[in-house]
Amino acid sequence: MWGAAFLLLGLYLVPVLVSFCLPDPRGGVPWHQARRDPTGLSPDPAVTQEAVIQVFAAPAVSWRGILSVHTWIAVKPTGAPRFTRYEVLGFGVANGAPAVRIDRMGPDNYWFGARPHILLDRRGPGVDAMIEQVRVAIADYPYPETYRPWPGPNSNTFLAHIARHVPELEIHLPSNAVGKDFLTGGGWLATAPSGSGFQVSLFGLIGIMLAAREGLEVNLLGLSLGFDPVRPALKLPALGRLGMAGL
């Protein structure tokens, strides 16, 4: 029994230690001085007339980046001249700023020196209807004035909330998106963010998820360990996915 307990502890702790030793994605530049210019990952609205929804992730700022990514969503209806970016931030919340922010940056900008990667890119027919659903989900988010980096609610709680309300998006959040397992409304049972399964979670601190897109994930103190048997990969705390890329 003790051997199994130590093995489980190691599976959670070793990836965190490895993540701590990895090179700084911001190249050692202080986060507040790091670049925040566009990356070119989002299409030019002047050229792309069709509706677009994009979800991005980038290493979180400061020490949080060792454990987690920050996620956000950007939408552009058909013919719209610009994107609108929605996310949850902790900066200034303690001084009265809202947690839900709109257009603090462009849709695809560097996240304080870290280049984001695309989690989802939906375009064309049917996307305008999903954009309206996304906006309804944002208006329904129950923590617009609250931010906690751990175990939530935070930016990943916000994206998971949107994903569950708009299952057509089939958003598959990374296993190292700390806060995605903090279920809104104080519940303990919910659909998985991708809409392809279910999860049980107690305040985002302990739980389990089983879904076609996420595979199996076990959450312990906000850190997720799991396995995706469909697109073979380990899902490790802090490090995220190790194996075949997710879809």
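Only one of the listed residues (LEU41, LEU17) is at pLDDT below 95 and aliphatic (A, V, I, L, M). That residue is LEU17.
Would you please name the residue that is surrounded by the most Cβ atoms within 10 Å (Cβ to Cβ), looking only at residues in the stretch 85-129 that are over 19 Å from PRO59 (Cβ atoms) and in contact with a helix residue (DSSP H, G or I) (Cβ under 6 Å, 6 or more places away or on another chain)?
Step by step, filter the stretch 85-129, then rank; the result is ALA99.
In the set (1) more than 17 Å from THR48 (Cα to Cα); (2) outside any strand (DSSP E or B); (3) not polar (S, T, N, Q), LEU119 fails one condition alone, (2). More than 26 Å from VAL127 (Cα to Cα) and surrounded by fewer than 19 Cβ atoms within 10 Å (Cβ to Cβ) - does that describe any residue in the stretch 163-179? The answer is no, given that none of the residues of the stretch 163-179 is more than 26 Å from VAL127 (Cα to Cα) and surrounded by fewer than 19 Cβ atoms within 10 Å (Cβ to Cβ).
If you go through the stretch 222-237 and keep only what is over 17 Å from the mean Cα position of the chain (by Cα) and outside any strand (DSSP E or B), you end up with PRO229, VAL230, ARG231, PRO232.
Restricting ALA51, ALA57 to those that are hydrophobic (A, V, I, L, M, F, W, C), touching a strand residue (DSSP E or B) at 6+ places or on another chain (Cβ under 8 Å), surrounded by 13 or more Cβ atoms within 10 Å (Cβ to Cβ) and closer than 18 Å to ALA177 by Cα reduces the list to ALA57.
Based on what the data block shows, is VAL178 touching a residue at least 24 places away in the same chain (Cβ under 8 Å), in contact with a strand residue (DSSP E or B) (Cβ under 6 Å, 6 or more places away or on another chain) and closer than 27 Å to PHE198 by Cα? Give the derivation first.
Details: touching a residue at least 24 places away in the same chain (Cβ under 8 Å): yes; in contact with a strand residue (DSSP E or B) (Cβ under 6 Å, 6 or more places away or on another chain): no; closer than 27 Å to PHE198 by Cα: yes.
No, not satisfied.
Yes or no, residue by residue, for (1) assigned to a helix (DSSP H, G or I); (2) closer than 23 Å to ALA160 by Cβ; (3) of a type outside the set (Asp, Glu):
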residue: TYR12; (1), (2), (3): yes, yes, yes
residue: PRO23; (1), (2), (3): no, no, yes
residue: GLN54; (1), (2), (3): no, yes, yes
residue: THR78; (1), (2), (3): no, no, yes
residue: TYR86; (1), (2), (3): no, yes, yes
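Among the residues of the stretch 19-33, the one identified as under 21 Å from the mean Cα position of the chain (by Cα) and aliphatic (A, V, I, L, M) is LEU22.
Yes or no, residue by residue, for (1) outside any loop (DSSP other than H, G, I, E, B); (2) within 15 Å of the chain's Cα centre (by Cα):
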{"residue": "ARG164", "(1), (2)": "yes, yes"}
{"residue": "HIS172", "(1), (2)": "no, yes"}
{"residue": "ALA177", "(1), (2)": "no, yes"}
{"residue": "SER194", "(1), (2)": "no, yes"}
{"residue": "GLN199", "(1), (2)": "yes, no"}
{"residue": "LEU210", "(1), (2)": "yes, no"}
{"residue": "LEU216", "(1), (2)": "yes, no"}
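Does TYR147 satisfy being touching a His at 6+ places or on another chain (Cβ under 9 Å) and either within 25 Å of PHE91 (Cβ to Cβ) or touching a residue at least 40 places away in the same chain (Cβ under 8 Å) (or both)? So that I can check it myself, show each step before the final result.
Numbers: touching a His at 6+ places or on another chain (Cβ under 9 Å): no; either within 25 Å of PHE91 (Cβ to Cβ) or touching a residue at least 40 places away in the same chain (Cβ under 8 Å) (or both): yes.
Considered against the rule, which asks whether it is touching a His at 6+ places or on another chain (Cβ under 9 Å) and either within 25 Å of PHE91 (Cβ to Cβ) or touching a residue at least 40 places away in the same chain (Cβ under 8 Å) (or both), TYR147 comes out as no.
The values are calculated or read from the model by the stated rules, or taken from the named source; none is laboratory data. Keep in mind that this is a model prediction, so the values were computed, not measured. Here the Cβ is made from the backbone with ideal geometry for all residues, glycine too, and neighbour counts use every protein chain on show.
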